[in-house]
Amino acid sequence: MRRFFISVLMVVFTTLSASSVVGTVVKVEGVVKVKGENSIKSGNIKLGAEIKKGDLLTSFKSSNAVLKLVDGSMLVLGVNSAILFATDSSVEQKSGKIYYKITSRDAGNSIKVKTPFAIIGIKGTTFMVDATENASVVLKEGLIGVTSIKEEFELYRKGVQKQFDDFVNQKEADFKKFKDEQTKGVAEITKEFDLQAGNSISFSKNVVNEKAISKENDEELAYFEQIINSIKK
């Protein structure tokens, strides 16, 4: 799978130049481990623990954690997820699903979130990145700019995809032939594009399919919001 970066335009790590503290753990359920930058072993993370530059957080089965970042933004690790706070300006989402709820941003204090699939400039506030085998990004609010670091994307916008779906329902036997003949006309060959709020994208090598947020997406987003809302104020 191609590797990519998500460039998040926000003030999440505004104070990192003066401090190595990224945020604080405000909720933990199940088993979540943390491994420090200079540590050989990982240990269980505790409520109230500070997350520092170089820390690798890993959640396991039936587990999750909520981090409150230095600017008040929230980050939720779903089950079987891992994220590395690599440097002052880069984070690597290694696996699983992570929900980002950004409360503020500043182009002068951007960070890069490295994931397995593209360069995404986050111009919005609430989104979910799935770095599992089914790589995808779901944007609830705001705007995302997606840029390839290798070959151009073969982008299928949701309107075009619906045309394909309708055609399949009507003439399933002829669908493959139609797609082969029409690909150049319906696919947008591009190095970068924007994703609007209420939509999702999935990746398969350089092929990107855009769709409206599904019922399943809504349920997952609601699940992460529920985790955040369950935190005692």
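FYI, it's all coordinate maths here, none of it is from the lab. Owing to the predicted nature of the structure, the values given are computational and were not obtained by experimental measurement. No Cβ is skipped: glycine too gets one built from the backbone with ideal geometry, and neighbour counts run over all protein chains shown.
Give, as a single signed number, the net charge of other residues whose beta carbon lies under 10 Å from the beta carbon of residue 210, with Lys and Arg counted +1 and Asp and Glu -1. Numbers along the way, then the final one.
Values: positive: 157, 158, 211; negative: 188.
My count for the surroundings of residue 210 gives +2.
Say the cut-off is 18 Å between C-alpha atoms; which of 46/114; 33/53; 101/150; 33/61; 33/140; 41/68 go over it? Over 18 Å apart, Cα to Cα: 46/114; 101/150; 33/140; 41/68. Using a simple spin-label model with pseudo-atoms 7 Å out from Cα toward Cβ, residue 216 and residue 189 lie 3.1 nm apart. In this structure, the amide hydrogen of residue 140, modeled 1.01 Å from its nitrogen in the peptide plane, lies closer than 5 angstrom to those of 126, 127, 128, 198, counting only residues at least 5 positions away or on a different chain.
Report the full-extension gain for the segment residue 80 to residue 42: residue separation times 0.36 nm, less the Cα-Cα distance, to one decimal in nm. Mind dumping the intermediate values first?
Values: separation 38, 0.36 × 38 = 13.68 nm, distance 1.54 nm.
12.1 nm is the gain from fully extending residue 80 to residue 42.
You can think of it this way: the chain between residue 94 and residue 158 has 20.3 nm of extra reach, that is 0.36 nm per residue less the Cα-Cα gap.
Highest first, please rank the peptides 206-213, 190-197 by the mean number of other Cβ atoms sitting within 10 Å of their residues.
On the way: 206-213: 17.2, 190-197: 15.1.
Top to bottom by mean Cβ count within 10 Å: 206-213, 190-197.
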